[in-house]
Every structure is written in structure tokens, then in C-alpha cells.
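Everything below concerns the one structure shown next.
The values are calculated or read from the model by the stated rules, or taken from the named source; none is laboratory data. Just so you know, these numbers come straight off a predicted model, no measurement behind them. Don't worry about glycine lacking a Cβ; one is built from the backbone with ideal geometry, like all the others, and counts go over all protein chains shown.
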Amino acid sequence: METSEAVPREEHEAVLQSGILGRWIDRLAIVPALGLVVAMLILIQEVVLRYVFGRPTIWAHETTVFLCAISFIYGGLLCAARDRHIRVVLVYDILPPAARRVADILISAVCGLSAAAFAWAAWQMVKRAAWRPDGSFHLETSGSAWNPAYPGILKILLMVALAIMALQFAILTINYARKGVR
């Protein structure tokens, strides 16, 4: 249910209230999307190598999981920028425009505080995943035969994404409060 004051936009674009940050998040979404394509190609290669040549790799599974995880992490940022996060639309859709504005402000503020709390929790994980007890830098590895540093990298990316998401929700909160009805 759109109001006459709503700004028309495509469903696959960042909302105006997300600001410059949201537009950049939206533009950069192609990178993790291409990562999914690369993951698919790696899996096809792995199937051929394993079942046609009997020569599987030791890196394909962990790499595809890593690339897909990056896409899922980025998906949270993209949902915030496009205002596609979860809300109870049954209630939201029947609200008058002024009440929707208040709901948008409150939802964005609560989501921002939650993202900030999760970013802090992620920092606690990063401290253990990126530094040894003696203070030297060393990323946590998978422990497999190949043993890449993917777990440590993912924890850092998750923390950064959550911090950016908290900032995105702060921008949304301010812009919803300033600009009124979407």
C-alpha cells in the first residue's frame, strides 16, 4: 500500500533514505553475486574432477562455502539498504502514513542498536580469531588438510558488515525522522 507521497523506485534499488552508503552497498552487490557464480563453477569443476577423472580437490568445498558465506553476510547489508528487512507487514500495511513514519523510525533505530550489539559481539570473536594470546596477528584456520584462513576472514567480514549495517540503520533512522513519509 503506497501513499501518493511515496517515491517510486525499483524493488532492486536502495531506498532514498539509505543515502550514499545505501547506494554504494547496492552498487557493490554485484561482487558477492559474482562470488556465487564462481562458487557454482567451482562445484561443477569439482564434480567433473571427482566423478570423471577420479581426482577431487582439497579446496573446492571450503572455497564454495566461503564464497557463499560472503554473499549471505553481504545480503544483510543489501536488505537494509533496500529496506527489505523483515517486518510484520500485516500490521505495517494498515498503518496510516504518519504511523508508518514512526514505525520506520523505531524499526530502524532498534535494528541499528541490534546491529551495533552484534558488531560488538563479533569483535569479541575477531579478537580470538585474529590474534594469538601473545598478541601476534594470526588468522584462525579451518583445520582441514588444506587449512585456509577462511574462518578468521569470515569473522572479520561479519564484524565489518555488522558495523556498516549499524551505520546504515542510523542513517535510515535519521532520514526517516527528517524526511517524513516514504
* Does the stretch 24-33 hold any residues that are assigned to a helix (DSSP H, G or I), touching a helix residue (DSSP H, G or I) at 6+ places or on another chain (Cβ under 9 Å) and not charged (D, E, K, R), and which are they? -> TRP24, ILE25, LEU28, VAL31, PRO32, ALA33
* Breaking point among (1) at pLDDT 90 or above; (2) under 14 Å from LEU172 (Cβ atoms), for ALA60 -> (2)
* Do you know which residues across the stretch 77-110 are out of contact with any Leu (no Cβ under 8 Å at 6 or more places or on another chain), in contact (Cβ under 8 Å) with a residue 24 or more places away in the chain, over 22 Å from ILE153 (Cβ atoms) and not in a loop (DSSP other than H, G, I, E, B)? -> PRO97, ALA98, ARG100, ARG101, ILE105, ALA109
* Say whether the condition of being part of a helix (DSSP H, G or I), among the aromatic types (Phe, Trp, Tyr), more than 14 Å from the chain's Cα centre (by Cα) and loosely packed, with under 13 Cβ neighbours inside 10 Å is met by at least one residue in the stretch 43-60. => yes
